[in-house]
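Since every read-out is calculated from the coordinates, none of them should be taken as a lab result. Model, not experiment: these values are computed from the prediction. In this analysis, Cβ positions are derived from the backbone assuming ideal geometry, glycine residues included, and neighbour counts consider all displayed protein chains.
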Amino acid sequence: MDPAAAPCVRIVYLARLREALARPHEDWPLDVGSTSVAALAAALAARGGAWSRELAAGRAVRVAVNHVMATPATVVRAGDEVAFFPPVTGG
């Protein structure tokens, strides 16, 4: 991210989300100094279409902020990396 640009977070989409949303990542501007994971997910879902389907409340999606598992209340600040991904199973 360009430090001279508006404050942003880097959003990364992994696995099926990358395919469904047709992008691996994007920079999301913050209108305020920080937001929550829940508010960020709601803003993305408000785009409609695949966004609202994939990020709907109750949908199996995990979130990590700066490579640490996050909860809906986790605070996200400018410069953070927020990754959205489906739960992983395996054996």
**Item:** Residue among ARG18, ARG77, ARG10 that is charged (D, E, K, R) and without any contact (Cβ under 8 Å) to a residue 40 or more places away in the chain
**Value:** ARG18
**Message:** Among the residues that make up the stretch 11-27, is at least one of them under 10 Å from the mean Cα position of the chain (by Cα) and among the β-branched types (Val, Ile, Thr)?
**Reply:** yes
**Fill in**
Residues of the stretch 46-66 being over 16 Å from SER36 (Cβ atoms) and under 12 Å from the mean Cα position of the chain (by Cα), in sequence order, are TRP51, GLU54
**Message:** Looking at the stretch 35-48, I want the residues that are farther than 12 Å from VAL61 by Cβ and have a partner that is assigned to a helix (DSSP H, G or I) with Cβ atoms under 9 Å, at least 6 apart or on another chain. Which pairs are those?
**Reply:** THR35/ALA43; ALA46/SER52
